Structure formats: C-alpha cells, structure tokens
Amino acid sequence: MYYTHKKYSLDKHKVSEINSLFAKYDLADLHRISPKDARELLRTIGIPQNAIHDIVAKSDPEHRGSVRYTPFLENIRHYLGEEHILQEMRSLFQLVYQISTPLDAYHPEVSKLTIEKIRKTASILGEPLTDNNLKDMMEYADPENTGMIDIHAFVRTMRKTSIW
C-alpha cells in the first residue's frame with residue numbers, strides 16, 4: 001500500500017534514467033514491457049526486492065503480461081514518495097528524541113517518546129501543542145497506555161494527521 005497524501009515528484013534525472021531503461025526493454029516501442037523486464041529494471045534502479053512485486057502487480061492490474069510505461073512510472077513515484085515520507089518521519093522522531101533527552105540518557109537504539117518529550121520539543125520548536133492535542137495523540141499512538149511511543153506508533157500517528 002502506498003501513502004499518497006502529498007504528491008511526491010521524481011526529479012528529472014530519475015525520470016530520465018527510468019525512461020532510458022524502459023526504452024531498452026521496449027524494443028517494439030509499444031510503451032510496454034514484460035513483468036520480468038520490469039522487475040529487472042526496478043532492481044537496476046535500486047528498488048528493494050520486497051517492493052518490486054507490488055510495483056509490478058499494480059502496473060499490470062489486469063494480469064495481461066505487460067507493464068505500461070505511465071502506470072509503471074506512477075507506481076515507482078508512489079513507492080519512492082512513501083520511502084521519502086518514512087525517512088522524514090524517522091528523522092522527526094529522532095529529532096524529538098534527541099532534543100528532549102539528556103545526553104547521559106541518550107540511547108537511539110531504544111528510543112521512545114513520552115508525552116513530556118513531545119511537549120518539550122514542540123515548545124522548543126515554537127509549535128506548542130494543547131493538552132487535548134497531546135492527549136488525543138497519545139490515545140491513538142499508545143492504546144495500551146504505557147506512556148511511551150516507539151517509531152512504529154509515531155509513524156502510524158503522523159499518517160493520521162494532515163502533516164503528511
């Protein structure tokens with residue numbers, strides 16, 4: 001599943017690279033290639049194996065045995081956009097953790113956020129959150145009521161907001 005709240009654009013160099021590779025496989029110039037060739041192209045541009053099947057399947061939804069260029073490019077854009085968004089969320093999570101954690105207690109491998117850490121960071125960044133905002137966030141992110149949010153809960157919560 002691809003998250004497409006905000007449209008992610010591929011830069012012209014990446015589009016050019018994909019276009020050139022696609023043309024290499026599209027010998028008849030029909031703007032379509034085989035799923036096998038599509039998988040090879042995706043490996044060439046560095047798409048991880050676990051995402052390749054989804055991109056190819058979404059690019060040939062009728063299972064006709066050919067992948068058309070436009071939906072293929074759009075599905076690559078969606079995937080790379082999702083990766084970009086996840087990286088931004090991970091970076092934000094680490095920033096909140098770093099800002100709100102004393103140096104002698106900093107352990108990035110076990111980082112978790114508390115309502116106090118989120119409040120402190122928001123205040124430092126000039127984005128004060130109301131108690132109701134924080135309460136709603138914690139109820140959604142921490143249904144077991146542990147008082148701690150890990151990276152997975154943070155990403156899930158951020159996706160619920162209109163930020164991403």
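Before moving on, here are some points about what is shown:
- Every pair of residues 6+ apart whose Cβ atoms lie under 6 Å, when the first sits in segment 1-21 and is modelled with pLDDT under 90 while the second is open to solvent by 70 Å² or more (accessible area, probe 1.4 Å) and assigned to a helix (DSSP H, G or I): Tyr8/His84
- Search result, residues across segment 134-164 that are at pLDDT 85 or above, hydrophobic (A, V, I, L, M, F, W, C) and open to solvent by 40 Å² or more (accessible area, probe 1.4 Å): Met148, Ile151
- Restricting attention to segment 55-76 and to residues that are aliphatic (A, V, I, L, M) and touching a residue at least 40 places away in the same chain (Cβ under 8 Å), the residue that is most open to solvent (accessible area, probe 1.4 Å) turns out to be Leu73.
- Count - residues of segment 50-69 that are more than 13 Å from Pro35 (Cβ to Cβ) and at pLDDT 95 or above: 1
The values are calculated or read from the model by the stated rules, or taken from the named source; none is laboratory data. Just so you know, these numbers come straight off a predicted model, no measurement behind them. When we count neighbours, we look across all protein chains shown, and the Cβ atoms used for this are built from the backbone with ideal geometry, even at glycine. Side chains are part of the model used for accessible areas, which takes the heavy atoms of the whole protein and leaves out ligands, DNA and RNA. Shrake-Rupley method; radii C 1.70, N 1.55, O 1.52, S 1.80 Å.
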